Amino acid sequence: MGNTSEDSEDAVAWYNKGVEYSEKGEYDEAIRCFDKAIDLNPDDADTWCNKGLAYLERGECDEAIRCFDKAIDLNPDDADTWCNKGLAYYEKGEYDEAIRYYDKAIDLNPEDADTSSNKGVAYYEKGEYDEAIRCYDKALDLDPNHALAWNNKGLAYYEKGEYDDANRCFERSLSIEPNQPEIEEKLKEVQKKQQQKVKEGIQERIDALTDEENMLDVREIETALEENQVERAGEMLEDLEEKYQEYKETIEELEGLDEKQSSLAGKLADDEIDRTTYEDAIERIEQKKADLEEKLNRLREEVIYEDYEKPF
């Protein structure tokens, strides 16, 4: 004997009551109501799915999966139920299974941003951050204002050590949903990491310079780094690098003039040039050398120290 219209009406009433209890977080009562609805109408996929969600909220993943499977038997084309089954496997820590069911949900409803974001979280938990980012990008293509996807994408970049991209994602999330204390804290943490990465980069450049010329005066730059004046340290280092490059080029010019003098002396000895030509050329070279030596002395005072012993 089939269900009567009265049974169906009663089943809907119990279902609605179950939904109300679920919304209030009273999942035991919700399950009781869904069971009443199922007794009256066992072929309603939505009731089985919502019963599964109540079990999932209680942390009873296996029971939730059993309910989702029943809902899928009744309505295999419902993407939400496949996604919920993926969530249950995610909560069990079975991420490959979760991804498999998310993919089924995406096949049925490729326009759902939440499922692509959930799939990204499963890849994130597997440590496959690039694949996670691809999933978040898909979610954001579908919904550019998906704050959670921006958060999760930022976390993936954070784990990859790509702090500039992480910072960008967290800031975008906060622009969409400003009241997110956890993300605000994570953003501060990322900005500290960014600063530390910049500091390390500056220190590497200092080390490269002092490896080449151990008498370079980097004391003020190192002091600025120690005091976390990172921008100032970077500006001073750029100035030092430019002056040191000019210092090296000036030395090379002087060495070139010395070689030119030697070459002229050889030509004079071989009678390739006369003495007047030689002396005129030497005079010009000596004047050029005097100018360069003056420049070199100035640069040496700016970039080289001679009376300071570096601590090692």
Measuring from centroid to centroid over Cα atoms, what is the spacing of region 38-55 and region 226-274 in Å? 83 Å
State which entries of Lys153/Lys199; Lys199/Lys289; Lys70/Lys92; Lys186/Lys243; Lys243/Lys267 exceed 28 angstrom in Cα-Cα distance in the structure shown. Lys199/Lys289; Lys186/Lys243; Lys243/Lys267
Using alpha carbons only, how many degrees (0 to 90, rounded to 10) separate the axis of helix 230-269 from the longest principal axis of the chain? 30 degrees
Any chance you could give the angle, 0 to 90 degrees and rounded to 10, that helix 45-57 forms with the longest Cα principal axis of the chain? 60 degrees
Kindly write out, for region 20-31 in residue order, the coupling ³J(HN,Hα) from the Karplus curve 6.51 cos²θ - 1.76 cosθ + 1.60 (θ = phi - 60°), rounded to whole Hz, with x marking Gly and Pro. 4, 5, 4, 5, 8, x, 9, 6, 4, 5, 4, 4
D_trans [Stokes-Einstein, Kirkwood Rh over alpha-carbon pairs] for the chain, 20 °C, 1.002 mPa s, µm² s⁻¹: 82 µm²/s
Could you work out the helix-only [θ] at 222 nm for the chain, with each DSSP H run of four or more residues adding -39,500 (n - 2.57) and the total divided by the number of residues, to the nearest 500 deg cm²/dmol? -27000 deg cm²/dmol
Search the structure for amide H atoms under 5 Å from the amide H of Ile304, placed 1.01 Å from N in the peptide plane, and list their residues when 5 or more places away or on another chain. Asp217
Could you sort the peptides 69-77, 282-290, 133-141 by per-residue average Cβ neighbour count (10 Å cutoff), highest mean leading? 133-141, 69-77, 282-290
Within a Cβ distance under 10 Å of Glu29, other residues only, what is the Lys/Arg minus Asp/Glu net charge? 0
Taking amide H atoms as placed 1.01 Å from N in the peptide plane, list the residues 5 or more away in sequence, or in a different chain, whose amide H sits under 5 Å from that of Ile273. Leu268
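May I ask you to order 45-51, 253-259 by the average number of other C-beta atoms within 10 Å around their residues, highest value first?
For the peptides 45-51, 253-259, the packing ranking is 45-51, 253-259.
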Return one number: the angle in degrees, 0 to 90 and rounded to the nearest 10, between the long axis of the Cα atoms of helix 79-91 and the longest principal axis of the Cα atoms of the chain. 70 degrees
Table column - 3J(HN,Hα) (Hz), region 111-116, Karplus curve with 6.51, -1.76, 1.60, x for Gly and Pro: 8, 8, 5, 4, 5, 5
So, relative contact order of the chain in percent, Cα under 8 Å, 6 or more apart, is 7 percent
Quick check on the exposure proxy: order Leu187, Leu237 from fewest to most C-beta atoms within 10 angstrom. Leu187, Leu237
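The numbers here are math on the coordinates, done by the rules we state, and not lab data. None of these values were measured; they are calculated from a predicted model. In this analysis, Cβ positions are derived from the backbone assuming ideal geometry, glycine residues included, and neighbour counts consider all displayed protein chains.
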